[in-house]
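*Asks:* Below is the structure I would like to discuss, written out as structure tokens.
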Amino acid sequence: RIDELWLSEVNIRKYGDKNIIIELPGLQDIDRAKNVLGKTITINFFMVEDNYVYNSINKYVPLGTKLVYDRKMSPILLKKKLILSGEFISSAYSSLNEERKPCVNVKLTKNGAQNFLNATTENVGKLIGVVYSESFIDIDENCKKLKTKEEIISIGRIIQPLYDRFQITGLTLQESSDLA
């Protein structure tokens with residue numbers, strides 16, 4: 001996570017039995033550093049439910065689906081079955097795609113690539129959602145709780161089966177850098 005801050009000569013050392021000291025020389029944005037270092041981020045891929053319009057009147061979520069909101073706070077129904085998790089990503093970096101728009105270039109492990117190929121082959125023409133999950137410790141009046149916030153950051157149509165390399169688009173430059 002410290003690499004994400006693009007600093008050199010970072011010093012990390014143990015302080016007592018349960019603490020560490022992190023020195024970040026030259027850092028200008030302390031709030032961003034706290035934000036980056038204080039949470040665990042993962043991304044997961046789920047198929048979008050074919051009939052993905054959520055009925056907010058009765059708030060019924062069909063069995064086998066889960067409700068997740070996108071960045072515009074629109075509710076989207078996703079199938080609960082996980083297609084791919086972040087643990088199968090071997091590398092990721094942000095760049096600009098051929099249309100000069102920010103993207104994250106993703107490379108998968110061998111096992112992840114095979115699973116993703118199988119899932120995307122079965123679902124050509126359907127929508128897939130990229131879910132950003134952020135886990136953090138919420139401290140409220142000396143009570144620590146682990147909380148998780150989920151948000152759909154991208155929905156794309158599977159045009160062809162995907163294997164070990166693909167791009168995530170629809171992000172700002174800062175979002176693609178942070179996600180990578």
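*Asks:* Which of the strands (runs of 3 or more DSSP E) contained wholly in the stretch 90-180 include at least 2 residues that are out of contact with any Leu (no Cβ under 8 Å at 6 or more places or on another chain) and open to solvent by 70 Å² or more (accessible area, probe 1.4 Å)?
*Replies:* On the way: elements: 102-108, 127-140, 143-157, 165-169.
The strands (runs of 3 or more DSSP E) meeting that bar are 127-140, 143-157.
*Asks:* Pairs please, first residue from the stretch 71-84 and among the hydrophobic types (A, V, I, L, M, F, W, C) and part of a loop (DSSP other than H, G, I, E, B), second anywhere and open to solvent by 50 Å² or more (accessible area, probe 1.4 Å) and modelled with pLDDT under 90, Cβ atoms under 7 Å, 6+ apart in sequence or on different chains.
*Replies:* Sorted first by the residue in the stretch 71-84, then by its partner, the list stays empty.
*Asks:* Being among the hydroxyl-bearing types (Ser, Thr, Tyr) and at pLDDT 65 or above is the filter; apply it to the stretch 17-64 and report the residue that is nearest to the chain's Cα centre (by Cα). Write out each step before concluding.
*Replies:* Of the residues in the stretch 17-64, the ones among the hydroxyl-bearing types (Ser, Thr, Tyr) are 40, 42, 52, 54, 56, 60.
Adding the requirement that they be at pLDDT 65 or above leaves 40, 42, 60.
Values: Thr40: 10, Thr42: 5, Tyr60: 26 Å.
Looking at the filtered set, the residue picked out is Thr42.
*Asks:* Output the qualifying pairs, or none if there are none: Cβ atoms under 9 angstrom, residues six or more apart or on different chains, first residue in the stretch 1-23 and surrounded by 10 or more Cβ atoms within 10 Å (Cβ to Cβ), second residue at pLDDT 80 or above and assigned to a loop (DSSP other than H, G, I, E, B).
*Replies:* Pairs that qualify, where the first residue is surrounded by 10 or more Cβ atoms within 10 Å (Cβ to Cβ) and the partner is at pLDDT 80 or above and assigned to a loop (DSSP other than H, G, I, E, B), are Glu4/Ala180.
The values are calculated or read from the model by the stated rules, or taken from the named source; none is laboratory data. Worth saying up front: this structure is predicted, and the values here are computed from it rather than measured. Please note: Cβ atoms are built from the backbone with ideal geometry, for glycine as well, and neighbour counts cover all protein chains shown. Remember, those area values only see protein heavy atoms, side chains included, never the ligands or the DNA or RNA. Shrake-Rupley method; radii C 1.70, N 1.55, O 1.52, S 1.80 Å.
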